[in-house]
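Below is one structure, written out as structure tokens; the observations come after it.
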Amino acid sequence: MAVSVAGGVRPGKVIEVENRLYKQLIVGKEKLTQQFDDRDKQLEDDANKLEVERKAIKARMEEQAKAQHVLKRISEQLTITVMNALEHQISSPKQMLEQSGLAESQVLLLDLLLNKDPDLRRIRPLVENISWLYTDLVNLINSPASSHRRPQRSEVKVTDIKLVLNYIGIENLQAVIPYFCLRNWLPSGNANLVWTTRKLWRYSMMTAIAAKALAVLHEKDAALVYSASLMKQLGSATILNASARQFEKTWGTWLRETSAKGDKNLYDAVMASEFPANEVFSKVMSHGEQLNWQMLDLLEFENSKLTKILKELDFNYHFSEFSAESAIVAKASCFAKVLLLEESRLIEPQEKRVMFDYYEFTEQELIRLKGQNYRKLDLV
């Protein structure tokens, strides 16, 4: 007779499967096509060129025992140097907050959007003072897909933020602003993380879509669980950003120094050294969820509904002890993980059953979730 794992202490198998998904996102070599409105189109070419160059240098160096030894030694030293610097940064949540791109105005804006009756008069000045968000919203409302929301003379570009917010509407703002916030927090402009960013972005969107569907099914606050499911990736994104910056800084410095020395073997060894994805993955798993709420606490949003959900998810309560909203986010995250692992054929049917059993999925929930479109997110 099978023993149920529903809702109690999170079983080792559940933890293993969840870690497997994150390892696939951060370490896996899978290359996704552009997802949603990916901004890093040029980086795809840069990433591919860098990968080809590294492979060519490695292949050449591996033909010589001495060169192979130099490559191994330099790669290990570079990884140790980068990870020591990253560990120092992660030990200070305040320092990570400074690197995150997260600001008090952004969290206040997300909080205001969760009010029962959000006030556009309070929301408008916050949007105006976040330049990238203002630009994203103006571009959104002026895109061809949003022409039905603009005045009849659709060739006129709408730039007045009051009009932009009115055309989009509160319900849509509750979806698009958290969406644009996460996109801004995720790593960008770094060829070493272009595939990781795309995969994390897709996983985040799938989780948010699933969370919203479950909230509607159970008549809970859809805007809250949607925002929380996106905020759940804030810590991971911050660690990835910090690690990418540290790697680029160290790697670039070593390249210049070895070039100045004129030692081709050393230069090639640095050039061929890869981003320490495995080590960064470990940091994301051990610090990511904790960093989610620590940064919000530092910004004095410890009483925010979002912070409370993120704390619950990090503190690893038994699933049966979660609040209704935290349970929805956890279920949505689980469902997205299973879908992605199935796509890559990295999960067995028995493991899938254990996941769904632990998170106490009902047949009705699974039917609702399986009916969603996870490849398209309608913003406006």
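The values are calculated or read from the model by the stated rules, or taken from the named source; none is laboratory data. All values derive from a computational prediction rather than experimental measurement. A quick note on method: Cβ atoms are made from the backbone with ideal geometry, for glycine too, and the neighbour counts reach across all protein chains shown. What goes into the accessible areas is simple: the full protein's heavy atoms, side chains included, and nothing from ligands, DNA or RNA. Shrake-Rupley method; radii C 1.70, N 1.55, O 1.52, S 1.80 Å.
The table that follows gives values for the structure above.
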{"item": "Ranked packing of 318-330, 104-116, most packed first, by mean Cβ within 10 Å", "result": "318-330, 104-116"}
{"item": "Whole-percent carbon and sulfur share, accessible surface of the chain, 1.4 Å", "result": "49"}
{"item": "Percent RCO, i.e. relative contact order, over region 215-346, from Cα pairs under 8 Å lying at least 6 residues apart", "result": "35"}
{"item": "Mean projection area, nm², convex hull over Cα of the chain", "result": "21.9"}
{"item": "Helix-only CD estimate at 222 nm, as mean residue ellipticity for the chain, using -39500 (n - 2.57) per DSSP H run (n ≥ 4)", "result": "-22500 deg cm²/dmol"}
{"item": "Sequence-distant lysines (8 or more away, or on other chains) whose Cα lies within less than 18 Å of residue 352", "result": "13, 23, 331, 337, 370"}
{"item": "Globularity ratio of region 221-334, using Cα Rg and 2.2 N^0.38 Å", "result": "1.48"}
{"item": "Accessible area of region 182-230 divided out per residue, in Å², using a probe of 1.4 angstrom", "result": "22"}
{"item": "Mean separation of Cα contacts under 8 Å (6+ apart) over length of region 126-254, as relative contact order %", "result": "21"}
{"item": "Amide H contacts under 5 Å for residue 113, placed H, 5+ residues apart", "result": "none"}
{"item": "Accessible surface, region 84-145, averaged per residue in Å² (probe 1.4 Å)", "result": "51"}
{"item": "Residue-wise HN-Hα coupling along region 254-265, computed from phi with Karplus coefficients 6.51, -1.76, 1.60 (Hz; x: Gly, Pro)", "result": "5, 4, 5, 5, 6, 5, 5, 6, x, 8, 5, 4"}
{"item": "Ranked packing of 273-286, 88-101, most packed first, by mean Cβ within 10 Å", "result": "273-286, 88-101"}
{"item": "Rounded to whole Hz, the Karplus (6.51, -1.76, 1.60) HN-Hα couplings of region 98-109, x for glycine and proline", "result": "4, 8, 6, x, 7, 10, 4, 4, 5, 5, 4, 4"}
{"item": "Region 278-335: proportion of alpha-carbon pairs further apart than 20 angstrom, %", "result": "30"}
{"item": "Taking all pairs of distinct alpha-carbon atoms in region 166-297, Kirkwood radius in angstrom", "result": "17.0"}
{"item": "Region 326-377 - convex hull of alpha carbons, volume per residue in Å³", "result": "81"}
{"item": "Karplus-derived HN-Hα couplings along region 303-314 (A = 6.51, B = -1.76, C = 1.60, θ = phi - 60°), whole Hz, x at Gly and Pro", "result": "9, 5, 4, 5, 4, 4, 5, 5, 5, 4, 5, 7"}
{"item": "Surface accessible to a 1.4 Å probe, residue 72 within the full protein complex, Å²", "result": "120"}
{"item": "Packing-based order for 77-87, 197-207, using average beta carbon neighbours within 10 Å, highest first", "result": "197-207, 77-87"}
{"item": "Contact order relative to length of the chain, as percent, for alpha carbon pairs under 8 angstrom and 6 or more apart", "result": "31"}
